[in-house]
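Enquirer: Once you've had a glance at the structure underneath, I'll fire off some questions.
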Amino acid sequence: MNHFTSFLTHNVFNIHVLVLLSRGYGTFAKDNKPVTNSSVFGVASLTKVFTSTVFLKLLLEKTNLTVNSPIRKLLGDEFQMVDQVRTQEASFADLLSHKMGIPDNNMLRFDPNFTRENLLKRLPYMNSSWTFRANYYYSNMMYGLVARLTELLGNSSWEQLVTEQLLRPLGMNSSTFASVADFNREDIVTPYEKLDSNFVKVHPEFSRRWAQLPGSGSFMTSANDMAKWMNFHLSGGRNSHGDAVVHEKVLTEINQPRFYAGNELCKEIDLTQFPLSCSDNIFCFGLRSGHYRGYQRLTHTGSTRGYRAIVSLLPTHKVGVFIALTNKDDLFKYRNPLLMYLTDRALGFRSWLNISTICTYPKPWKNTSSPSNQTGLVDYQLYHEYSIYEGTYFNSLYGSLTIHYNKSLSSLEMNYGWGRWTLKPISLGASQQFHAQGLDINQVYNTKPISFLYSDPGTIRAINATGFVPVQPPIFDKMASCLNSSSQTVHGILEHLLLMTLLLCLINV
């Protein structure tokens, strides 16, 4: 079930856009109506360049600060990170180019008490996984912070500011945000994910709640609207009428190469095997910089539950390509070859991909195995009685999660905020790992394995939450009341009674 839309545009004379192809493929599941170039898809991380654009626009208009200014110049002592180096030195450019070395911490979105307004208060508890300014570490959370800074600069919600500052001047009237969207709108394509062999509809409430931390991936748009956005970039910040929407300096800052990030789309392509070369290994501000066929190219991909997207801009040749679809697209096996084929056609080249190889890519040049949609998990038995695992666990950043045995599912269940998961053992022994399979509205959101830590062979002291953050994962300590054995509980009651007796005696005295 891959609903699909694509757009190929060529900017002529820096203002007027020549549409070479604009088409939708597939049908709406709810009524079998065809997908068109005005159908609205979630574009996930393509949101980031909208965030960087409106933030830099407001920074330029409302302050004397630059992208290299320390964040504390704007926030003062309210900005605190895990260490003094980041607290004192971190700049807006560090946030926008993923230099902070701070993990995504995406699971925080399940915490109903976590909001964009109190994000700043959580920052000191976000441990670093990589060295500041030395390692590229892609972080949605840091773009959530940029969105919050945008709100503080513009004195309005991020959604309203993006609408007022960008969408309305560009005439992008179909575009919206998953955080506020009416998913019953006729033009919004229903998101689906393939789980095992079944297509599962992504619950609208999941999409809405997940998007409450904006800035990193909540934007939704159509091919027709994205043509206006690409034309805006290719014409130096002007709309289709030639009016300046942002100062050209804003786009210059956005498109400037900032930090080595390694190849993403071009990871599979090797000059010794393929008939051409490409790269996308330098991160800018919400876009990647590289080349295709030797021509400068700006790209970004987007992946969220139920939607996948990609955008590509060739500034010198004024060519833009946008593709969006539903369902999974592991290793970009649909988006990337189609992107290269459409780019070739726009540049006037006979494409090196044909009707056969566009479907088998990266074969025949390179053999790779596609990730399976099957979980492939073996059902192992719990090493302990389920009661050993049960309890409440706490982490200073994430707060509390609970583990209990679900009789109806015959499985351990993990609850964190509004998220529910069954925990299935996927290995043997006391140190066995557990796969977390989503339930209810987060059915499409599984986590990587978690494991339990022991103070002695029969006593669990904590959860090693690799499913939350894989590198230097957070540790959830078991709450003290849950560590007591039955004998310890009896002793605790006796001690409590003795204290009560002592207090009564003191009162009598």
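Enquirer: Report D for region 328-465 in µm² per second (integer): Stokes-Einstein, Kirkwood Rh on Cα pairs, 4 °C, 1.567 mPa s.
Expert: 71 µm²/s
Enquirer: Enumerate the helices in the chain for which the Kyte-Doolittle hydropathy averages 0.5 or more and the C-alpha atoms extend at least 27 Å along the helix's axis, using complete DSSP H runs.
Expert: Membrane-span-like by this rule: 486-508.
Enquirer: Pop out the carbon and sulfur fraction of the accessible area of region 279-422 as a percent, whole number, probe 1.4 Å. Working shown, then result.
Expert: On the way: 2970 of 6160 Å².
The computed percentage sits at 48.
Enquirer: With respect to the cross-link table entries LYS366/LYS424; LYS57/LYS99; LYS407/LYS448; LYS57/LYS267; LYS201/LYS407; LYS48/LYS328, which display a Cα-Cα separation exceeding 29 Å? Mind showing how you got there, number by number?
Expert: Working: LYS366/LYS424 35 Å; LYS57/LYS99 21 Å; LYS407/LYS448 24 Å; LYS57/LYS267 33 Å; LYS201/LYS407 26 Å; LYS48/LYS328 20 Å.
Over 29 Å Cα-Cα: LYS366/LYS424; LYS57/LYS267.
Enquirer: Okay, moving on. Compute log10 of I(q)/I(0) for region 84-175 with the Debye formula, placing one identical point scatterer on every Cα and leaving out solvent, at q = 0.12, 0.19, 0.24 Å⁻¹, to two decimals.
Expert: For the requested q values the scattering log ratios are -0.44, -0.95, -1.24.
Enquirer: Return the carbon/sulfur percentage of the accessible area of region 430-472, one whole number, probe 1.4 Å, all protein chains in place. Can you show the working numbers first?
Expert: Numbers: 860 of 1700 Å².
The computed percentage sits at 51.
Enquirer: Another question, then. Quick one: Debye curve from the alpha-carbon atoms of the chain only, equal weights, vacuum; give me log10 I(q)/I(0) at q = 0.08, 0.11 Å⁻¹ to two decimals.
Expert: Taken in order of the listed q values, log10 I(q)/I(0) reads -0.56, -0.99.
Enquirer: Using the eigenvalues of the Cα gyration tensor, what equivalent ellipsoid semi-axes result for region 162-227 when each is taken as the square root of five times the eigenvalue, whole Å, largest first?
Expert: The equivalent ellipsoid of region 162-227 has semi-axes of 24, 14, 10 Å.
Enquirer: For the chain, what's the relative contact order in percent, using C-alpha pairs closer than 8 Å and at least 6 residues apart?
Expert: Numbers: 1040 pairs, mean separation 80.2, N = 509.
Worked out over the chain, it gives 16 percent.
Enquirer: Send over a whole-number figure in Å² for the accessible area per residue of the chain, probe 1.4 Å. Don't jump to the answer; show the numbers that get you there.
Expert: Working: 22400 Å² over 509 residues.
In whole numbers, the chain has 44 Å² accessible per residue.
Enquirer: Sticking with this structure for a sec: Calculate what fraction, in whole %, of the accessible area of region 181-274 sits on carbon and sulfur atoms when a 1.4 Å probe is rolled over the protein chains.
Expert: 44 percent
Enquirer: Now a separate question. Let me know the longest stretch in the chain that avoids all GluC sites (Glu not before Pro) found in a DSSP loop with at most 12 other C-beta atoms within 10 Å.
Expert: Answer - 187-384.
Enquirer: Dividing the alpha-carbon Rg of region 136-260 by 2.2 N^0.38 Å yields what?
Expert: Numbers: Rg = 16.4 Å, N = 125, 2.2 N^0.38 = 13.8 Å.
Dividing the Cα Rg of region 136-260 by 2.2 N^0.38 Å gives 1.19.
Enquirer: Then there is this: Please work out whether region 187-324 counts as rounded, prolate or oblate from its C-alpha gyration tensor, where a ≥ b ≥ c are the square roots of the eigenvalues and a/c under 1.5 means rounded, while otherwise a/b larger than b/c means prolate and anything else oblate?
Expert: oblate
Enquirer: Can you give me the long-range amide H partners of ASN173? Hydrogens built in the peptide plane at 1.01 Å from N, cutoff under 5 Å, separation of 5 or more residues or another chain.
Expert: none
Enquirer: About its Cα centre, what dipole magnitude does the chain give when the only charges are +1 on Lys and Arg Cβ and -1 on Asp and Glu Cβ, stated in debye to the nearest 20?
Expert: For the chain, the charge dipole is close to 1320 debye.
The values are calculated or read from the model by the stated rules, or taken from the named source; none is laboratory data. Owing to the predicted nature of the structure, the values given are computational and were not obtained by experimental measurement. Here the Cβ is made from the backbone with ideal geometry for all residues, glycine too, and neighbour counts use every protein chain on show. All accessible areas refer to the heavy atoms of the entire protein, side chains included, with ligands and DNA or RNA removed. Shrake-Rupley method; radii C 1.70, N 1.55, O 1.52, S 1.80 Å.
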